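Encoded as structure tokens, the structure appears first; notes follow it.
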4 protein chains.
Amino acid sequence: MSNSFGNIFRITTFGESHGAAVGGVIDGMPAGIEIDEAFVQQELDRRRPGQSALTTARKEGDRVEFLSGIFEERSTGCPIGFIVRNENQHSSDYDNMRDVFRPSHADYTYQTKYGLRDHRGGGRSSARETISRVVGGALAKLALRQLGVQIVAYTEQVGAISVGHDYDLFDFEEIERNPVRCPVAEKAAEMAKKIAAVRSEGNTIGGVIACVVKGCPVGLGEPVFGKLHAALGGAMLSINAAKGFEYGEGFSGIEMTGREQNDVFYNNDGVIATRTNHSGGIQGGISNGQDIYFRVLFKPVATLLMEQQTVDVFGNETVLKARGRHDPCVLPRAVPIVEAMAAMTLLDYYLLSKTNHL
Amino acid sequence: MSNSFGNIFRITTFGESHGAAVGGVIDGMPAGIEIDEAFVQQELDRRRPGQSALTTARKEGDRVEFLSGIFEERSTGCPIGFIVRNENQHSSDYDNMRDVFRPSHADYTYQTKYGLRDHRGGGRSSARETISRVVGGALAKLALRQLGVQIVAYTEQVGAISVGHDYDLFDFEEIERNPVRCPVAEKAAEMAKKIAAVRSEGNTIGGVIACVVKGCPVGLGEPVFGKLHAALGGAMLSINAAKGFEYGEGFSGIEMTGREQNDVFYNNDGVIATRTNHSGGIQGGISNGQDIYFRVLFKPVATLLMEQQTVDVFGNETVLKARGRHDPCVLPRAVPIVEAMAAMTLLDYYLLSKTNHL
Amino acid sequence: MSNSFGNIFRITTFGESHGAAVGGVIDGMPAGIEIDEAFVQQELDRRRPGQSALTTARKEGDRVEFLSGIFEERSTGCPIGFIVRNENQHSSDYDNMRDVFRPSHADYTYQTKYGLRDHRGGGRSSARETISRVVGGALAKLALRQLGVQIVAYTEQVGAISVGHDYDLFDFEEIERNPVRCPVAEKAAEMAKKIAAVRSEGNTIGGVIACVVKGCPVGLGEPVFGKLHAALGGAMLSINAAKGFEYGEGFSGIEMTGREQNDVFYNNDGVIATRTNHSGGIQGGISNGQDIYFRVLFKPVATLLMEQQTVDVFGNETVLKARGRHDPCVLPRAVPIVEAMAAMTLLDYYLLSKTNHL
Amino acid sequence: MSNSFGNIFRITTFGESHGAAVGGVIDGMPAGIEIDEAFVQQELDRRRPGQSALTTARKEGDRVEFLSGIFEERSTGCPIGFIVRNENQHSSDYDNMRDVFRPSHADYTYQTKYGLRDHRGGGRSSARETISRVVGGALAKLALRQLGVQIVAYTEQVGAISVGHDYDLFDFEEIERNPVRCPVAEKAAEMAKKIAAVRSEGNTIGGVIACVVKGCPVGLGEPVFGKLHAALGGAMLSINAAKGFEYGEGFSGIEMTGREQNDVFYNNDGVIATRTNHSGGIQGGISNGQDIYFRVLFKPVATLLMEQQTVDVFGNETVLKARGRHDPCVLPRAVPIVEAMAAMTLLDYYLLSKTNHL
């Protein structure tokens, strides 16, 4: 069951890095939505390796093929199956990892849990798995667009370089103009420089992706275990390399008292609104109509192009040096994945909220 | 479905603050586990209000009554129903909130989502709901104990006062010796002073609870959406007032590179282990046998004993001042709740892992 | 998870025959529904033992106590917890069954599966478990009533005595006028006589309950595994002693060809309808607006008031004679249970169908 | 969610009759099982059209392509994605059905439920969907084989021609020797003649498939809503054209009393067994180690090669005559589908039963 995500709008994914294909099934797509396949491909292209000098040099075409659930360009309410063929895989790059556990990767835990593993390219634990999420997220966005919901994610911090939390100051148009996907051009340049520097050492770096949702209706989120931020948090933490999640004021607000964090209500021309938004658009686990904003922490990529001590499957100590083409920083390519998980979560909870009343 | 938590070991909870009772059903408790009811009650007592000068003065006896699933002091494999009667509720304290939305509470969102709400004591959004979690967690602990799994949570930070992340330095025996549940006595005293200070102003303060799991078997966690940290994160974020989650190095490790964060494997007398544990005991979403550690951020309690601007259900602007007995800081009483959610998650994933093989 | 039923409208039940109470939690009850508690009790009274000379002489008051989810007589959208205390249990009647497996009961299978069991009154496998279903069904009926959906079940056959399938000929008002709950008075008398005859021998008899649903909207049922009849069939087969399920023409139509079974469409004053209803109101797994009708087969009660060969938990062959107060025929009291399961299924699928579109 | 089946071993399917492909994802396949792809293909070949003069003349190669979850011929514990391309589809055969509702098909209900439908070949409601079930069932069989569980289904009855319930008299080797898949050669010949006769009129006929499971361990089935027969019944009723399900004695035992239906226990050389098996191998919803047997009723195929009255989507009355290549009787090809659903259900419940204990 763990390869499925969602309650009503539910994606099930499959696929290893060096297998025949990755793909998935989306069940619960509302019927009658126009499916703009070009938009889906465009979202995939944002995730694709080889986009810029900052990302891995691997070329992956990553063309999505839809197999069902769409008729005359509209969703039919039936499950949407899709595949993306794996191409240009250099499986031999991984020959030396067949019996060796790469540090801070999933090799050891998969091997111990299952008793065997597909070692090529990380197998199921590879970030190629997120291709299916982006496809699902793109379809969810097509539905959410009709509801007026907009989702924007961006790189907020790389290492020590941060644009800060105050997203109202940013021009979101800037995000796609630079390869870091940072909304502040100068900071983007700094970040790019930092990434290039760690890459040159065979090293890697992490950071934070922020996400802002505008136009979310009031009432999404199902107490008590289905609180909207718990669903979003679980979704984000399921992305490869994610190590933390916070919403609203977050960890940096830890010194603020209740008086400073409470969001006072007022009547905004007939609409109940809050004067501040420390709550990040969610109160009691339910969206309150204000912007939803949250942040996701990503660790540095574990694959280093330098020698590391490790052990093999027989327990022998050995030295490993990765070959191949790898990202020095996962952030730029993770931006569309964060958006995709947010989109699927919000559409799912929107559909759930329809069942709150007869 | 949102009042259920877990896949195999699954708790379903019910109950409002000022209704007849809170309670729940635990489905999937393994058969044959000795049920030490005194231990369950003891865990509940750790959550109970009125324990110390730092918590609310409300007296809630909170006696659990088990109704099924236990026969001759052992679990039978059948669902365990239980209730805790609500007593000593002062519903009239809430009369003035019937039509008024308390800032940063769930009043407005519940009212808008459902069209009506039980306003007394926060209704379903009250922290009394967590009583059921503590009962479920206590039962899960009884099972985990047989597996050698130990779970310890404590208050790590209140406002700006922190003991730091290095839990190896702490004496866990200290935790239950002070009312803050902090493992460092001097820091506990500082925290207590801080809490008393905000209380005296009718104000509130938040902080961080850390949790350490020792003895967790390798192999818990179900990729890809059921990664162990995603499950733990979703669980923790479902607790009232939680606003953030991080595991392993967390946000404070953001400046560390891959070389600094990677955990090198070595052969520790025949057992594969890591020399460091920046991963927090989880790699690729699966436990690796090292200590699991994570942190949960809690915001300041939203109920202030001071005047606040707000609006009522008709949209009229008004001023609210809470009456009643409230916590100035949720941390001390949230410690057993964090442990409970961790215990239920780990037992659930342990049982799931049994299905990985024939 | 197996003590929960339903997707959106979901009941979770607990309780053994001779434990403290049976009860449950209903999650997903739509908000704002008027809760007529007297109606719920009335439904329970239809299930209660001791109603007539035909049923067991046990007196069970079976008063339901609601604990949450209802505020000022309306559902709040929060989970509805409830309990029914067990009273008047004669546990000593079962002392001789502690170590003995009653033939065709669940004693042997529970003991082997779980390694222990509560032997008193059948424990969890007792039909007292269906009390919770009737409570859930009554709440579902209150919601369905607003949609114009009516559900009527009745005893169609006892042993060889049958009223036949043609329900249009029956006066449904007759059902509650006789203790067999059969819509044809003369047949009811015959059935009552048959039941009395088998009872006098310490023997038991089975039969068929039919159920008719009128006013069901078109579009309920979720292909492919959630076909409406599959959901109804699974629901009915989960009732104690159920051994078969058929809908529409059923087994007795096995000799009819396609030409004879097909339901031709016509335009009935602007509404598309079928001239016949061999399909039983469901086509392709989805309700088509015609009456839904199905039948459930119940086996004879396994508890006989006569000596039977058996073995004990140690494998010794022995002779058992049940004591106590038992039903000679489960049908009359199972009628409200069939209705309850139908009501919960239909409400659940109605709510699911709301998510088919944005 | 309705395109998924199972709890732990869970299949999710997709695909329309005339779309690009049908396929699915199997999540929860235990790790380390040898995957004999030739066996899977062989199972698919049993379901394939065009096998004999009795089935449709459509030629469908139905070659399965596995895309993930298998490494060096063993299951890895990761999801197994697969597709079967649609070929040789004559979509133009369906042009005249675009706006017309075929009687007793899913056209009208899909159109009304979703607001649109893929009309070609029945779209999602086509029996081609069962291809994915057969693939899933074949994988489940590979796992069950290791547990010593054998599943055999066969055609028991076509129209009025039946071999009776007493499966001990049959030679199961005969089943695959005749095109009807009936274990009694003379009866098979009669059935074949009957099918040929209805086909020559453009008519169709239904019947019953029986299924016998040998070697099932004691303890499968999860009370109360997850009773094994309820799971099997729901599974079988989800197959296209299924209209009834019974297990053990079934409807034909309706006149038997409790004394006649009870299965007396005895000690069979140290193993507790029953002298008779009216219970069909399931007691209290849990397998008891005896043979499981059940029967599934299938209605006549709804597609007739003769003129039928109907209406179109605009409500106009019209006359329809199907073109194309259709089965006159679904039974022979449904035999492997019944086995597949049984296999997936049993493996799922076997895995669930592993979680009953620590």
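Quick notes on this structure:
Results for (1) open to solvent by 50 Å² or more (accessible area, probe 1.4 Å); (2) outside any helix (DSSP H, G or I); (3) over 21 Å from residue A:292 (Cα atoms), shown as yes or no for each residue.
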{"position": "A:129", "(1), (2), (3)": "no, no, yes"}
{"position": "A:138", "(1), (2), (3)": "no, no, no"}
{"position": "A:141", "(1), (2), (3)": "no, no, no"}
{"position": "A:145", "(1), (2), (3)": "yes, no, no"}
{"position": "A:153", "(1), (2), (3)": "no, yes, no"}
{"position": "A:157", "(1), (2), (3)": "no, yes, no"}
{"position": "A:183", "(1), (2), (3)": "no, yes, no"}
{"position": "A:188", "(1), (2), (3)": "no, no, yes"}
{"position": "A:191", "(1), (2), (3)": "no, no, yes"}
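- Listed by first and then second residue, the pairs linking a residue in segment A:72-99 that is within 15 Å of residue A:138 (Cβ to Cβ) to a residue that is assigned to a helix (DSSP H, G or I), with Cβ atoms under 6 Å apart and 6 or more places separating them unless they lie on different chains, are A:82/A:135; A:84/A:131.
- Of all residues making up segment A:213-242, the number that are facing chain B (nearest Cβ under 7 Å), open to solvent by 10 Å² or more (accessible area, probe 1.4 Å), under 30 Å from residue B:279 (Cβ atoms) and assigned to a loop (DSSP other than H, G, I, E, B): 2
- Residue in segment A:47-64 that is away from chain B (no Cβ under 14 Å), under 13 Å from residue A:134 (Cα atoms), of a type outside the set (Lys, Arg) and in contact (Cβ under 8 Å) with a residue 24 or more places away in the chain present: yes
- Qualifying strands (runs of 3 or more DSSP E) (wholly inside segment A:243-358; at least 3 residues being open to solvent by less than 40 Å² (accessible area, probe 1.4 Å) and of a type in the set (A, V, I, L, M, F, W, C)): A:292-298
- Meets criteria (aromatic (Phe, Trp, Tyr) and more than 9 Å from chain D (Cβ to nearest Cβ)) for residue C:266: no
- For segment C:259-266, the criterion of being over 18 Å from residue D:251 (Cβ atoms) and in contact with a Cys (Cβ under 7 Å, 6 or more places away or on another chain) is met by none of the residues.
- Residue D:339 vs. criteria without any contact (Cβ under 8 Å) to a residue 40 or more places away in the chain and either within 30 Å of residue B:31 (Cβ to Cβ) or away from chain B (no Cβ under 14 Å) (or both): no
- Among the residues making up segment A:1-17, those that are at the interface with chain B (Cβ under 9 Å from one of its Cβ atoms) and modelled with pLDDT under 95 are A:1, A:2.
- Within segment D:287-302, residues that are modelled with pLDDT under 95 reach partners that are outside any loop (DSSP other than H, G, I, E, B) and open to solvent by less than 30 Å² (accessible area, probe 1.4 Å) with beta carbons closer than 9 Å, at six or more positions or on different chains, in the pairs D:301/C:258; D:302/C:258; D:302/C:261; D:302/C:283.
- Within segment C:271-286, the set of residues being over 17 Å from residue D:115 (Cβ atoms) and either touching a residue at least 24 places away in the same chain (Cβ under 8 Å) or among the acidic types (Asp, Glu) (or both) comprises C:277, C:278, C:279, C:280, C:281, C:282, C:285.
- Flag for residue D:254 being within 29 Å of residue D:104 (Cβ to Cβ) and within 20 Å of the chain's Cα centre (by Cα): no
- Whenever a residue of segment A:19-30 is within 7 Å of chain D (Cβ to nearest Cβ), its partners that are among the β-branched types (Val, Ile, Thr) and part of a loop (DSSP other than H, G, I, E, B), lying with C-beta atoms within less than 8 angstrom and at least six residues away or across chains, give the pairs A:28/A:8.
- Residue in segment A:251-259 that is out of contact with any Lys or Arg (no Cβ under 8 Å at 6 or more places or on another chain) and either acidic (Asp, Glu) or in contact (Cβ under 8 Å) with a residue 40 or more places away in the chain (or both) present: yes
One line per residue, one yes/no per condition, for (1) small (Gly, Ala, Ser); (2) in contact with a helix residue (DSSP H, G or I) (Cβ under 8 Å, 6 or more places away or on another chain):
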site: A:270; (1), (2): yes, no
site: A:275; (1), (2): no, no
site: A:278; (1), (2): no, yes
site: A:286; (1), (2): no, yes
site: A:299; (1), (2): no, yes
site: A:310; (1), (2): no, no
site: A:313; (1), (2): no, yes
site: A:320; (1), (2): no, yes
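- Residue match in segment D:312-330 (condition: among the hydroxyl-bearing types (Ser, Thr, Tyr) and free of Cβ contacts under 8 Å to residues at least 60 places away in the same chain): no
- Being at pLDDT below 95 and touching a Pro at 6+ places or on another chain (Cβ under 8 Å) is a condition met by no residue of segment D:171-186.
The values are calculated or read from the model by the stated rules, or taken from the named source; none is laboratory data. These figures come from a predicted structure and were not determined experimentally. Heads up, the Cβs are rebuilt from the backbone with ideal geometry, glycines too, and the neighbour counts pull from every protein chain shown. Just the protein is used for accessible areas: all its heavy atoms, side chains included, with ligands, DNA and RNA removed. Shrake-Rupley method; radii C 1.70, N 1.55, O 1.52, S 1.80 Å.
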